[in-house]
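Novice: Dropping a structure here in structure tokens format, bear with me for questions.
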Amino acid sequence: MTKTMIVGNWKMNGTQPVARSLAEGLVNNDIIRSAHADGVQVVCCPPFTALSLVQQTIADTPIQLGGQACHHQRQGAHTGDVSAAMLRDVGCSHVLVGHSERRRDHHESDDQVVAISIAAIDAGLVPIICVGETLEEHQQGLTRNVLQRQVGILCSALGNNLSRCVLAYEPVWAIGTGLAATAEHVETTHAYIAEVTRTHGIVIPVLYGGSANASNAEELLSSEHVNGLLVGGASLDAISFAGIVAAARRKGGASS
Ligand code: PGA
């Protein structure tokens, strides 16, 4: 595991002109375009409707493409869904799985998250699997219980295949609130996740997500257990996203 990963999750933002201009902003930014020189992998996840357009814009650059979700079945009667193979077909290398907004809006369960992850791996994608506690669970001191359950299920169900995935710890209370977790919370929680996966003999990169921005990126990345960031709001502006990538470049690709 040698890379620090910065993933932009554009969520439900970006008509064609907006997506084109954002993708061009990434491609034309030196810090982002040459990030791989410092072992930093950059992935952007536009909405489905902009995937092809963004793929064409980032072609011939090291920036990679990810989907925001996919169905666990290969094809069939699933109105409104796309399969992992369809994402691969339009040039994706990654897909977000089990984002808390999918768990909330589409009732994705832990079992579905496992099934989607398997479908993604089978299609040749790297699943970026999101885990994390809600505000209520956080306030009740249940963070470790939630992670033990979410990560434990992934370890038991996916076994060694989990090493082909990336985890993203996203405390739900920190997403889109402007209140990122403290570096201390991130450090102890990521260390705990590493402990859970290690008991299953699995080593896997773990990203942090939740109100990461150019000002707090360096601090959030300072823990040896943080292998990158999953960025929502701050990924919608090329300059602020570049600030985050710059912080990752200072950390370098040496995260373990
Ligand atoms: P945020 O979103 O950076 O806007 O908090 C992160 C995410 O949901 O992936």
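The values are calculated or read from the model by the stated rules, or taken from the named source; none is laboratory data. Computed from a predicted model, the values in this text were never measured in an experiment. Cβ: placed from backbone, ideal geometry, glycine included. Neighbour counts: every protein chain shown. Keep in mind that these areas ignore ligands, DNA and RNA; they rest on the heavy atoms of the full protein, side chains included. Shrake-Rupley method; radii C 1.70, N 1.55, O 1.52, S 1.80 Å.
Novice: How would 149, 33, 164 rank on accessible area, largest to smallest, probe 1.4 Å? Before the final figure, lay out each step's value.
Specialist: Numbers: 149 110, 33 90, 164 135 Å².
Largest accessible area first, the residues go 164, 149, 33.
Novice: All other residues with a Cβ under 15 Å from the Cβ of residue 220 taken together, and with Lys, Arg as +1 and Asp, Glu as -1, what is their net charge? Intermediate values should be presented prior to the final figure.
Specialist: Details: positive: 249, 250, 251; negative: 170, 184, 187, 218, 219, 224.
Around residue 220, the charge tally is -3.
Novice: Follow-up. How many percent of the accessible area of the stretch 4-255 is carbon or sulfur, using a 1.4 Å probe? All intermediate terms of the calculation are to be shown ahead of the outcome.
Specialist: Values: 5390 of 10810 Å².
So the carbon and sulfur contribution to the accessible surface is 50 percent.
Novice: List the residues, sorted by chain then number, that are 5 or more residues from residue 71 or on another chain and whose placed amide H is less than 5 Å from its amide H.
Specialist: 82, 83, 84
Novice: Taking only protein heavy atoms into account and a 1.4 Å probe, give the accessible area per residue of the chain in Å². Write down the numbers at each step before the final one.
Specialist: Working: 11180 Å² over 256 residues.
Heavy-atom accessible area per residue stands at 44 Å².
Novice: In terms of the Cα gyration tensor, with a ≥ b ≥ c the square roots of its eigenvalues, is the stretch 128-256 rounded because a/c is under 1.5, prolate because a/b exceeds b/c, or oblate?
Specialist: Numbers: a/c = 1.93, a/b = 1.34, b/c = 1.44.
Because a/c hits 1.5 or more and a/b fails to exceed b/c, the stretch 128-256 counts as oblate.
Novice: With every protein chain kept in the model, how would you rank 249, 20 by accessible area, 1.4 Å probe, largest at the top? Working shown, then result.
Specialist: Values: 249 55, 20 105 Å².
Descending order: 20, 249.
Novice: Just the accessible area for residue 36, please: 1.4 Å probe, Å², rounded to the nearest 10?
Specialist: 100 Å²
Novice: Through the Karplus equation 6.51 cos²θ - 1.76 cosθ + 1.60, θ set to phi - 60°, convert the phi angles of the stretch 208-222 into ³J(HN,Hα) values in whole Hz; use x for Gly and Pro.
Specialist: 10, x, x, 6, 6, 8, 5, 7, 9, 4, 4, 5, 5, 7, 5
Novice: Taking amide H positions as placed in the peptide plane 1.01 Å from N, state which residues far from residue 8 in sequence (5 or more) or on other chains have amide H under 5 Å from it.
Specialist: For residue 8, whose amide H was placed from the backbone, the distant partners under 5 Å are 43, 44, 45, 231.
Novice: Could you work out the helix-only [θ] at 222 nm for the chain, with each DSSP H run of four or more residues adding -39,500 (n - 2.57) and the total divided by the number of residues, to the nearest 500 deg cm²/dmol?
Specialist: Numbers: 11 runs with 105 residues, N = 256.
Result for the chain, helices only: -12000 deg cm²/dmol.
Novice: Taking the Cβ of residue 64 as the centre, find all other residues whose Cβ is under 15 Å away and add up their charges (Lys, Arg: +1; Asp, Glu: -1).
Specialist: Once all neighbours under 15 Å are counted, the net charge is +2.
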